[in-house]
Amino acid sequence: GEWWNSDVETLVNQAKLPPPTSDSHTINGKPGPLFPCSSKHTFTMEVEAGKTYLLRIINAALNDELFFAIAGHNMTVVEIDAVYTKPFTTRVILIAPGQTTNVLIKADQPRSRYFMAARPFMDAPVPVDNKTVTAILHYKGIPNTVLPSMPKLPAPNNTNVALRYNNRLRSLNSPQFPAKVPLKVDRHLFYTVGLGANPCSSCQNGTQLTASLNNITFVMPKVGLLQAHYFHIKGVFKTDFPDRPPVPFNYTGVPLTANLGTSLGTRLSKVAFNSTIELVLQDTNLLTVESHPFHLHGFNFFVVGSGVGNFDPSKDPAKFNLVDPPERNTIGVPTGGWTAIRFRADNPGVWFMHCHLELHTMWGLKMAFVVENGKSPEESIIPPPKDLPPC
């Protein structure tokens, strides 16, 4: 997690640039002994030599992707976002806000005390809380006076470690746990991810930072989207979100600092029930490139491809993994790169898709899909419960 010494909403609403970074990260709510006055605020996990432990690791930070490692110990990744993976052994994992990773560790090292540690991954010129949070892996019977050893974490801007780690993730794709990757695609979507700046008379410098998909900054409505969809309330949203950006450009070329205005709107994309969707999320160099972890509500998706630079629709699909791609619900779009996902729209309703960096989603880096009903009641939205409190 992350910790601020001040009220985080007040800090964000002040809209200062650069935006405020957290004062520390936490493991199970505690920052660990590397922070002032917090040696007693340290999470400790006692282990017995020879036993194997399952760690369920969740990135609950608001704005930082994190590297995580345990001194002296390997981790075997077995699950991501509640889906089994082909097990592989690693010294470090990368985990974005909203993602979960389950690892097995064996208490097979000399009996001592070892730091578990995490610090941010950020390979763009964006400020982050660069300090290291620690917890302790404590072998039973070892006195508390033994100083723990520290793991070697990658440099915060080590792109190669991040890309290599993500490329190792694979679905099991076994008879018991098949990977049902859509092979035929009914609809191809291409969304650019970017920052922007709009005029703002009450803001510093007369401009307000925004974020957008296909140059649209999402405006939250006063009426719930699902409520408006189910009860056919007019004027709450439009279903004209574009399948591709309005103006193609060199998305990851030199930084673009002019014409940064975005259009504001509550615009959704309507999707036919049970249709198969391929969505390419393309990072852009509007102001700066940056890694964006995207989360889709209501669905798991398969990450069939990713790359650095601009997506090439004539060459890149030939390299897609359609056999055992990782299945998850949150995926990092690489800095200055792209990610391709596929999913089947078999869950009727209204489902947000948003950047899981809290600041970016507040700035409007989100949209929603309206998945239409199928032909039978089992393929349709269920009515709201009678005691549903009104918004």
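Would you be able to tell me the number of residues in segment 307-321 that are assigned to a loop (DSSP other than H, G, I, E, B) and not aromatic (Phe, Trp, Tyr)? Step through it out loud before you land on a result.
Residues of segment 307-321 that are assigned to a loop (DSSP other than H, G, I, E, B), as a first pass: 309-315, 320-321.
Still in the running and not aromatic (Phe, Trp, Tyr): 309-310, 312-315, 321.
Looking only at that region, the number is 7.
Can you tell me which of Asn259, Asn285, Asn250 is of a type in the set (S, T, N, Q) and buried (at least 17 other Cβ atoms within 10 Å of the Cβ)? Don't jump to the end; show me each part of the working.
Numbers: Asn259 fails: buried (at least 17 other Cβ atoms within 10 Å of the Cβ); Asn250 fails: buried (at least 17 other Cβ atoms within 10 Å of the Cβ).
After ruling out the rest, the residue left standing is Asn285.
Any idea which of (1) touching a Pro at 6+ places or on another chain (Cβ under 8 Å); (2) at pLDDT 95 or above; (3) buried (at least 19 other Cβ atoms within 10 Å of the Cβ) is the one Leu94 doesn't satisfy?
Leu94 satisfies all of (1) touching a Pro at 6+ places or on another chain (Cβ under 8 Å); (2) at pLDDT 95 or above; (3) buried (at least 19 other Cβ atoms within 10 Å of the Cβ) except (1).
Being in contact with a strand residue (DSSP E or B) (Cβ under 9 Å, 6 or more places away or on another chain), among the charged types (D, E, K, R) and in contact (Cβ under 8 Å) with a residue 24 or more places away in the chain narrows it down to one residue among Glu379, Glu372; which is it?
Every option except Glu372 fails the conditions.
Scan segment 264-291 residue by residue and report those that are within 24 Å of Thr159 (Cα to Cα), modelled with pLDDT of 95 or more and in a strand (DSSP E or B).
Leu279, Val280, Leu281, Gln282, Asp283
Please determine, by comparing only the residues of segment 307-337 that are under 20 Å from Pro97 (Cβ atoms) and of a type in the set (A, V, I, L, M, F, W, C), which one is least open to solvent (accessible area, probe 1.4 Å).
Going residue by residue through segment 307-337, those that are under 20 Å from Pro97 (Cβ atoms) are 326-337.
Retained after the next criterion (residues that are of a type in the set (A, V, I, L, M, F, W, C)): 331, 333.
Details: Ile331: 18, Val333: 0 Å².
Applying the filter and picking the extreme gives Val333.
Residues that are open to solvent by 20 Å² or more (accessible area, probe 1.4 Å), among the basic types (Lys, Arg) and either at pLDDT 95 or above or on the phi > 0 side of the Ramachandran plot (or both): does segment 3-24 have at least one? Let's see the steps before the verdict.
Just the residues of segment 3-24 that are open to solvent by 20 Å² or more (accessible area, probe 1.4 Å), to begin with: 3-21, 23.
When the remaining residues are screened for being among the basic types (Lys, Arg), the result is 16.
Subsequent filtering for residues that are either at pLDDT 95 or above or on the phi > 0 side of the Ramachandran plot (or both) retains none.
Among the residues of segment 3-24, not one is open to solvent by 20 Å² or more (accessible area, probe 1.4 Å), among the basic types (Lys, Arg) and either at pLDDT 95 or above or on the phi > 0 side of the Ramachandran plot (or both), which makes the answer no.
Please state which one of Phe299, Phe294 is surrounded by 22 or more Cβ atoms within 10 Å (Cβ to Cβ), among the aromatic types (Phe, Trp, Tyr) and either in contact (Cβ under 8 Å) with a residue 24 or more places away in the chain or part of a strand (DSSP E or B) (or both).
Values: Phe299 fails: surrounded by 22 or more Cβ atoms within 10 Å (Cβ to Cβ).
Of Phe299, Phe294, the one residue that is surrounded by 22 or more Cβ atoms within 10 Å (Cβ to Cβ), among the aromatic types (Phe, Trp, Tyr) and either in contact (Cβ under 8 Å) with a residue 24 or more places away in the chain or part of a strand (DSSP E or B) (or both) is Phe294.
Find the strands (runs of 3 or more DSSP E) located wholly in segment 165-247 whose residues include 1 or more that are over 16 Å from Leu268 (Cα atoms), open to solvent by less than 20 Å² (accessible area, probe 1.4 Å) and touching a residue at least 24 places away in the same chain (Cβ under 8 Å), and list them.
Because the criterion is at least 1 residues that are over 16 Å from Leu268 (Cα atoms), open to solvent by less than 20 Å² (accessible area, probe 1.4 Å) and touching a residue at least 24 places away in the same chain (Cβ under 8 Å), the strands (runs of 3 or more DSSP E) in segment 165-247 that meet it are 187-199, 207-213.
Can you tell which of Val78, Val181 is of a type in the set (A, V, I, L, M, F, W, C), within 20 Å of the chain's Cα centre (by Cα) and over 24 Å from Leu359 (Cβ atoms)? I'd like the intermediate steps shown before the answer.
Numbers: Val181 fails: within 20 Å of the chain's Cα centre (by Cα).
On inspection, the qualifying residue turns out to be Val78.
Between a residue in segment 138-154 that is without any contact (Cβ under 8 Å) to a residue 40 or more places away in the chain and any residue that is open to solvent by 50 Å² or more (accessible area, probe 1.4 Å) and basic (Lys, Arg), which pairs come within a Cβ distance under 6 Å, given they are 6 or more apart or on different chains?
Ile142/Arg111
Is it fair to say Leu62 is of a type outside the set (Val, Ile, Thr), under 30 Å from Pro334 (Cβ atoms), in contact with a helix residue (DSSP H, G or I) (Cβ under 9 Å, 6 or more places away or on another chain) and in the same structural domain as Ser24 (by the TED database)?
Details: of a type outside the set (Val, Ile, Thr): yes; under 30 Å from Pro334 (Cβ atoms): yes; in contact with a helix residue (DSSP H, G or I) (Cβ under 9 Å, 6 or more places away or on another chain): yes; in the same structural domain as Ser24 (by the TED database): yes.
Criteria met by Leu62.
Out of curiosity, is Thr100 more than 14 Å from the chain's Cα centre (by Cα), surrounded by fewer than 20 Cβ atoms within 10 Å (Cβ to Cβ) and among the β-branched types (Val, Ile, Thr)? Outline the logic, then answer.
Working: more than 14 Å from the chain's Cα centre (by Cα): no; surrounded by fewer than 20 Cβ atoms within 10 Å (Cβ to Cβ): yes; among the β-branched types (Val, Ile, Thr): yes.
No; evaluated as a whole, the condition is false for this residue.
Determine if segment 46-59 includes at least one residue that is of a type in the set (Ser, Thr, Tyr) and in contact with a Lys or Arg (Cβ under 9 Å, 6 or more places away or on another chain). Working first, answer last.
Within segment 46-59, the first condition is being of a type in the set (Ser, Thr, Tyr), and the residues that meet it are 52-53.
Cutting the leftovers down to in contact with a Lys or Arg (Cβ under 9 Å, 6 or more places away or on another chain) gives us 52-53.
Scanning segment 46-59, I find at least one residue that is of a type in the set (Ser, Thr, Tyr) and in contact with a Lys or Arg (Cβ under 9 Å, 6 or more places away or on another chain), so the answer is yes.
The values are calculated or read from the model by the stated rules, or taken from the named source; none is laboratory data. Since this is a predicted model, take the numbers as computed values, not measurements. Here the Cβ is made from the backbone with ideal geometry for all residues, glycine too, and neighbour counts use every protein chain on show. To get the accessible areas, we keep the full protein, side chains included, count just its heavy atoms, and leave off ligands, DNA and RNA. Shrake-Rupley method; radii C 1.70, N 1.55, O 1.52, S 1.80 Å.
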